[in-house]
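Peer 1: Let me give you the structure first, and then I'll get to my questions.
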Amino acid sequence: MSLIRWIEKPYVYIFYVLLRFYVDEWRATLVMCVFQFLIIGGLVCAIALATGHSLLLISKSTLVVVAIVIYALTQIVLVRGHLWKRYKSEFDQYSRAKSRIATIAVWVGIVVVSVASVSLIKTVVR
């Protein structure tokens, strides 16, 4: 299995779970983008802490541009490119137990990663 496929399938499954919960593609895309934004922000802050920078000065315009780019890429790749639809039939065939466990894992992962990212961001950005 190639690295791209190894990353792509869980990424699409997260979107699939969000889509089943929110029903509309735009809502699922928006939530996915907020989650990605938190991950990127958390990683930037973790790197800042690891390199000894205790305070980051990031302008609001930079944050807005990054958020728009994340939304545009997610929209193009998942929705317009129909990437998630390639996996839909496979995900629909999962057994009820496997689907439920995977869905719970996705939601727990989203909560844990979001809380960790927000904690890192609050530590570094003031």
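Peer 1: Applying the selection to segment 27-36, what residues are closer than 14 Å to Ser117 by Cβ and free of Cβ contacts under 8 Å to residues at least 12 places away in the same chain?
Peer 2: First pass over segment 27-36, keeping only residues closer than 14 Å to Ser117 by Cβ: 33-36.
Hit for segment 27-36 is Val34, nothing else.
Peer 1: Pull out all pairs, ordered by first then second residue, where Cβ-Cβ is under 7 Å, the residues are six or more apart or on different chains, the first lies in segment 1-26 and is touching a residue at least 24 places away in the same chain (Cβ under 8 Å), and the second is of a type in the set (Asp, Glu).
Peer 2: Correct list of pairs: Leu19/Glu25.
Peer 1: Name the residue, out of Lys85, Lys122, that is within 18 Å of Ile14 (Cβ to Cβ), free of Cβ contacts under 8 Å to residues at least 60 places away in the same chain and assigned to a helix (DSSP H, G or I).
Peer 2: Lys85
Peer 1: Among the residues of segment 57-82, how many are within 16 Å of Tyr13 (Cβ to Cβ) and in contact with a Ser or Thr (Cβ under 9 Å, 6 or more places away or on another chain)?
Peer 2: 3
Peer 1: A further question on this structure: Among the residues of segment 88-98 satisfying the criterion of being assigned to a helix (DSSP H, G or I) and free of Cβ contacts under 8 Å to residues at least 12 places away in the same chain, which is nearest to Leu49 (Cα to Cα)? Explain how you work it out, then say what you get.
Peer 2: First, the residues of segment 88-98 that are assigned to a helix (DSSP H, G or I): 88-92, 96-98.
Still in the list and also free of Cβ contacts under 8 Å to residues at least 12 places away in the same chain: 89-90, 92, 96-98.
Numbers: Ser89: 43, Glu90: 41, Asp92: 42, Arg96: 42, Ala97: 40, Lys98: 38 Å.
The selected residue is Lys98.
Peer 1: Here's something else I'd like to know. Look at Ser61 and say whether it is of a type in the set (S, T, N, Q), out of contact with any Lys or Arg (no Cβ under 6 Å at 6 or more places or on another chain), assigned to a loop (DSSP other than H, G, I, E, B) and modelled with pLDDT under 85. Steps first, answer last, please.
Peer 2: Details: of a type in the set (S, T, N, Q): yes; out of contact with any Lys or Arg (no Cβ under 6 Å at 6 or more places or on another chain): yes; assigned to a loop (DSSP other than H, G, I, E, B): no; modelled with pLDDT under 85: yes.
Taking the combined requirement at face value, the residue does not satisfy it.
Peer 1: Okay, moving on. Give the residue, chosen from Val66, Val77, that is part of a helix (DSSP H, G or I), among the β-branched types (Val, Ile, Thr) and closer than 20 Å to Leu18 by Cα. Steps first, answer last, please.
Peer 2: Working: Val66 fails: closer than 20 Å to Leu18 by Cα.
Only one candidate passes the filter, namely Val77.
Peer 1: Further question on the same structure: Within the set of pairs 6+ apart or on separate chains, which have a first residue in segment 99-110 that is under 9 Å from Val17 (Cβ atoms) and touching a residue at least 12 places away in the same chain (Cβ under 8 Å), a second that is assigned to a helix (DSSP H, G or I) and charged (D, E, K, R), and C-beta atoms under 9 Å apart?
Peer 2: Thr103/Arg20
Peer 1: Taking segment 1-28, which residues are among the hydrophobic types (A, V, I, L, M, F, W, C) and within 16 Å of Lys85 (Cβ to Cβ)? Steps first, please.
Peer 2: Let us first name the residues in segment 1-28 that are among the hydrophobic types (A, V, I, L, M, F, W, C), namely 1, 3-4, 6-7, 12, 14-15, 17-19, 21, 23, 26, 28.
Selection gives Val12, Ile14, Phe15, Val17, Leu18, Leu19, Val23, Trp26, Ala28.
Peer 1: Further question on the same structure: May I ask you to say which residue of Ala50, Ala72, Ala67 is within 13 Å of the chain's Cα centre (by Cα) and farther than 24 Å from Ala105 by Cβ? Reasoning before the result, please.
Peer 2: Working: Ala50 fails: within 13 Å of the chain's Cα centre (by Cα); Ala72 fails: within 13 Å of the chain's Cα centre (by Cα).
Unique residue meeting the criteria: Ala67.
Peer 1: Output yes when any residue across segment 30-44 is at pLDDT below 80, over 21 Å from Trp107 (Cβ atoms) and surrounded by 11 or more Cβ atoms within 10 Å (Cβ to Cβ), and no when none is.
Peer 2: Looking only at segment 30-44, we keep the residues that are at pLDDT below 80, and these are none.
There is no residue in segment 30-44 that is at pLDDT below 80, over 21 Å from Trp107 (Cβ atoms) and surrounded by 11 or more Cβ atoms within 10 Å (Cβ to Cβ).
Peer 1: Separate question: Is it fair to say Phe21 is surrounded by 12 or more Cβ atoms within 10 Å (Cβ to Cβ) and within 29 Å of Thr123 (Cβ to Cβ)? Explain how you work it out, then say what you get.
Peer 2: Numbers: surrounded by 12 or more Cβ atoms within 10 Å (Cβ to Cβ): yes; within 29 Å of Thr123 (Cβ to Cβ): no.
Against the criterion (surrounded by 12 or more Cβ atoms within 10 Å (Cβ to Cβ) and within 29 Å of Thr123 (Cβ to Cβ)), Phe21 does not qualify.
The values are calculated or read from the model by the stated rules, or taken from the named source; none is laboratory data. As the structure is a prediction and not an experimental result, all values here were calculated from the model. Ideal geometry is used to build each Cβ from the backbone, glycine not excepted, and the neighbour counts take in all protein chains shown.
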